[in-house]
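Working notes for the structure below.
The values are calculated or read from the model by the stated rules, or taken from the named source; none is laboratory data. Since this is a predicted model, take the numbers as computed values, not measurements. Don't worry about glycine lacking a Cβ; one is built from the backbone with ideal geometry, like all the others, and counts go over all protein chains shown. These accessible areas exclude ligands, DNA and RNA; they are computed on the full protein's heavy atoms, side chains included. Shrake-Rupley method; radii C 1.70, N 1.55, O 1.52, S 1.80 Å.
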Amino acid sequence: MSKLGNLGARLHHGEVGYDFIKNRKIWYGISILITITAILGLAVRGLNMGIEFQGGAVFTTPKHMSASVAQAEDFAHAASGQESIVQKLGDGSLRIQIAGIETGKSDQIKEDLAKDLKVNPEHINADLVGPSWGEQIANKAWQGLAIFMVLVVIYLAIAFEWRMALAALVALIHDLTITTGVYALVGFEVTPGTVIGLLTILGYSLYDTVVVFDSLKEQTKDITRQTRWTYSEIANRSINGTLIRSINTTVVALLPVAGLLFIGGGVLGAGMLNDISLSLFVGLAAGAYSSIFIATPLVADLKELEPPMKALKKRVLAKRAQAAAQGEPLDAEAAGVTAGDDAEDAAPAVVGPRDQSAARGRGRGRPSGKRR
C-alpha cells in the first residue's frame with residue numbers, strides 16, 4: 001500500500017488525526033478575512049462584465065491579418081473611444097470585442113476598423129448584442145442559482161437535518177463569494193461561460209460536504225446512549241475519515257482545470273478558456289476547503305447547542321474526570337458504552353496503539369448487542 005493510502009486507512013480507523021473542530025475559530029477567522037477581501041474587491045473594482053451582459057459588438061476580421069493585437073486595440077480605441085478586447089484566433093483572424101457601444105454606431109466603427117486594417121468592410125463580420133439580451137441572461141442565471149439553492153436546502157433537510165442544510169448553504173455562499181471576488185480582483189471578463197463555471201462548482205462543493213455529512217450521520221446514530229465521545233469529537237472523526245478521499249477527488253478535478261487555465265489560457269493565449277477555467281479552479285479549491293473547515297465545524301457548533309448534546313458533553317467530561325481521578329484507562333468499557341452501541345462507531349479521532357489494538361480485538365467476530 002502506498003504511503004498516501006496507508007495514511008488514509010489510518011485516518012479512517014482513527015489511528016491518527018487532526019483536530020479540525022478544536023481549531024474551528026482559526027478556520028472561521030481565515031474564511032471571514034478572505035470573504036471580506038472578496039467583498040471589498042467586488043465593491044471597489046467590480047466585475048468586468050462581458051458584452052453578453054452589457055451589450056456591444058464583436059468584429060471578426062479576415063484570415064491571416066498582418067496587424068498585431070496591440071495595433072488592433074489601438075485602432076478599436078480610436079474608432080470607438082472605448083477599451084476593447086482583441087484576440088488572435090488560430091486561423092490568423094482577429095476578434096475585436098467592444099462592450100457598451102450602441103448598435104447604431106457599429107457600422108461607423110466597422111468602417112473605421114476596415115480603413116485602419118486596410119481590408120474591405122464587407123470582409124469584416126459584425127455580431128451585435130443588445131443590453132436587453134444580456135439582462136435576460138443575468139436574470140436567468142440568478143433564477144437558476146436561487147432554484148438550485150432552494151432545492152439543495154430542501155434535499156439536505158430531508159436527507160439529513162436542517163442544521164446540515166444550513167451549514168451547506170453557508171459553505172456554498174462562502175464559495176460563490178470568494179470566486180466572484182477573485183474575478184473582481186483579477187479583472188477577468190465575466191461571460192456566460194463564467195456563469196456555467198459558477199454553477200458547476202456548487203455541485204462539486206456540495207459533493208464533498210455531503211460525503212462528510214453522510215459519515216457523520218452514520219457515526220452519530222444513538223449518540224446519546226454512550227458516554228465516550230461528544231458530538232464534536234465524532235464530527236472530527238468524520239472529517240478525518242473522509243479527508244484523503246476529499247483531497248484525492250479535489251486534486252484529480254483541479255489538474256485538468258489547471259491545464260486549461262495556466263496552459264490553455266496563459267501559455268497558448270486562448271483567452272476564452274479563462275472564462276470558465278478560473279471560476280472552476282478557484283471554486284473547486286474553495287469548495288474543498290469549505291466542506292472540511294466550514295460546513296462540518298458549523299454543524300458541530302449548532303448541534304452542541306441542543307440540550308441533549310449539552311447533557312451528553314457533561315456526562316462525557318464527568319466520566320473522563322472520574323476515570324482520570326481513579327487512574328483507570330479510558331477504554332470502551334470504562335467509558336460506559338451502553339448496550340446496543342458499537343464501540344467502533346463511537347471511536348475517537350485520535351487513539352493510541354494500545355487502544356486501537358484493544359478495540360480491534362473487541363470488535364471482531366462479535367455481534368452488536370450487550371457485551372458479556
Lys and Arg at +1, Asp and Glu at -1: neighbours of V195 with Cβ under 15 Å from its Cβ sum to -4
Taking 59-67, 94-102, 142-150 and ranking on average Cβ neighbours within 10 Å, highest first, one gets 94-102, 59-67, 142-150
So, over other residues within a Cβ distance under 15 Å of Q87, counting Lys, Arg +1 and Asp, Glu -1, the net charge is -3
Nearest-10 value in Å² for the accessible area of E52, using the 1.4 Å probe: 40
Hey, got the dipole for segment 42-157? About the Cα centre, +1 on K and R Cβ, -1 on D and E Cβ, debye to the nearest 20? 280
Taking the inverse of the average 1/r across all pairs of different Cα atoms in segment 16-63, what Kirkwood radius in Å do you get? 15.0
How would I109, I30 rank on accessible area, largest to smallest, probe 1.4 Å? I30, I109
Run the accessible area of segment 141-276 with a 1.4 Å probe and give the carbon-and-sulfur part as a rounded percent. 74
On each of the three principal axes of the Cα atoms of segment 149-227, give max minus min coordinate, whole Å, ordered largest first. 55, 23, 16
First compute the accessible area of segment 87-132 with a 1.4 Å probe, then give the percent of it belonging to carbon and sulfur atoms. 45
Residues other than I276 with Cβ under 15 Å of its Cβ, Lys/Arg counted +1 and Asp/Glu -1, net out at -3
Calculate one ³J(HN,Hα) per residue across segment 277-292 by plugging θ = phi - 60° into the Karplus curve 6.51 cos²θ - 1.76 cosθ + 1.60, and present them in order as whole Hz with x for glycine and proline. 5, 5, 5, 5, 5, 5, x, 5, 5, 5, x, 5, 5, 5, 5, 8
Per residue accessible area in Å² of segment 68-172, where ligands, DNA and RNA are left out and the probe is 1.4 Å: 57
Per residue value of the accessible surface for segment 193-240 (all protein chains in place, 1.4 Å probe), Å²: 34
